[in-house]
Amino acid sequence: QTFRGHTVNGKSFPDNRFSAVFFQPFYAGQTFGLGQVNPLTAMKLSDLVSKRSGIARLDENDAAGVYKAIMDPDLSLAFVAAAIRQSIDDYRQIAGMDISGNPGITATLYNLGNTLQRAQALASKNSGGGRAWPEENYYGWLVNDKLPELRKLF
């Protein structure tokens, strides 16, 4: 909102998506690494990851460091976990629902993204007294369907 299509400190910024302007445009909107994390998501989760894992906070001026964090499995898994944690927190705080016990729902939300908006939409839908619940997509259904097999891996 501050930069898109505006001039800030004498520098003009195009009216384009954050990823296209601040990260390599060729990769804008792309996801990378084991967890298929995009640079913007990594930046949004950087404080949480740093607080919980001790991994250094990402620097928006160091694109190579951002890409390393999402490409290196030893680092990127912390961002995957943070994204899932954020989904659980968004639904608890905004929609008043505890989704932490349903891996299919958390997998769906990880797959789809935009959990803040999805939690807000569900809260709005339920504000009239109804009680709709988030639904799994094919990915979440598969996780729940295969849960007994997945649990054996732990």
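The values are calculated or read from the model by the stated rules, or taken from the named source; none is laboratory data. Since this is a predicted model, take the numbers as computed values, not measurements. Virtual Cβ from ideal backbone geometry, glycine too; neighbours counted across all protein chains shown. To get the accessible areas, we keep the full protein, side chains included, count just its heavy atoms, and leave off ligands, DNA and RNA. Shrake-Rupley method; radii C 1.70, N 1.55, O 1.52, S 1.80 Å.
Students often check this: by mean Cβ neighbours within 10 Å, which of 60-68, 95-103 ranks highest, and how do the rest follow?
The most tightly packed comes first, giving 95-103, 60-68.
Compute, for the chain, the length of the dipole vector about the Cα centre, with Cβ point charges of +1 (Lys, Arg) and -1 (Asp, Glu) only. Units Debye, rounded to 20.
220 debye
Would you work out the charge dipole size for region 45-114 about its Cα centre, treating the Cβ of every Lys and Arg as +1 and the Cβ of every Asp and Glu as -1, and quote it to the nearest 20 debye?
Using only the charged Cβ atoms, the result is roughly 180 debye.
Please compute the length gained on full extension between GLN36 and ARG57, using 0.36 nm multiplied by the number of residues separating them and subtracting their Cα-Cα distance.
Difference between extended and current length: 5.6 nm.
Counting only protein heavy atoms and using a 1.4 Å probe, what share of the accessible area of region 68-154 belongs to carbon plus sulfur, as a whole percent?
C and S atoms contribute 55 percent here.
Going highest first, how would you order 83-93, 46-56 by mean Cβ packing within 10 Å?
Per-residue mean Cβ counts within 10 Å order the peptides as 83-93, 46-56.
Counting only heavy atoms of the protein chains, get the accessible area per residue of the chain (1.4 Å probe) and round it to a whole Å² value.
64 Å²
What is the calculated FRET efficiency for PHE3 to TRP141, with r their C-beta to C-beta distance and R₀ = 41 Å, to the nearest 0.05?
The pair PHE3/TRP141 has a calculated efficiency of 0.55.
What angle do you read, to the nearest 10 degrees and between 0 and 90, between the alpha-carbon axis of helix 39-53 and the longest principal axis of the chain?
The helix 39-53 is inclined about 70 degrees to the chain.
From the phi of every residue in region 97-113, what ³J(HN,Hα) in whole Hz does the Karplus formula 6.51 cos²θ - 1.76 cosθ + 1.60 yield, where θ is phi - 60° and glycine or proline is x?
Calculated HN-Hα couplings, in order: 10, 9, 9, 5, x, 10, x, x, 5, 5, 5, 4, 5, 5, 5, 8, x Hz.
Return the single residue from ALA81, ALA107, ALA121 with maximal mean-square fluctuation; model: Gaussian network over the chain, springs between Cα atoms under 10 Å.
Between ALA81, ALA107, ALA121, it is ALA121 that shows the largest mean-square fluctuation.
Rounded, prolate or oblate: pick one for region 52-154, where a ≥ b ≥ c are the square roots of the eigenvalues of its C-alpha gyration tensor, a/c under 1.5 means rounded, and failing that, prolate if a/b is larger than b/c, else oblate.
oblate
Place a label point 7 angstrom from the Cα of ASP15 along the Cα-to-Cβ direction, then list the residues of region 39-73 whose backbone nitrogen is under 20 Å away.
The answer is none, because no backbone nitrogen lies closer than 20 Å to the label point.
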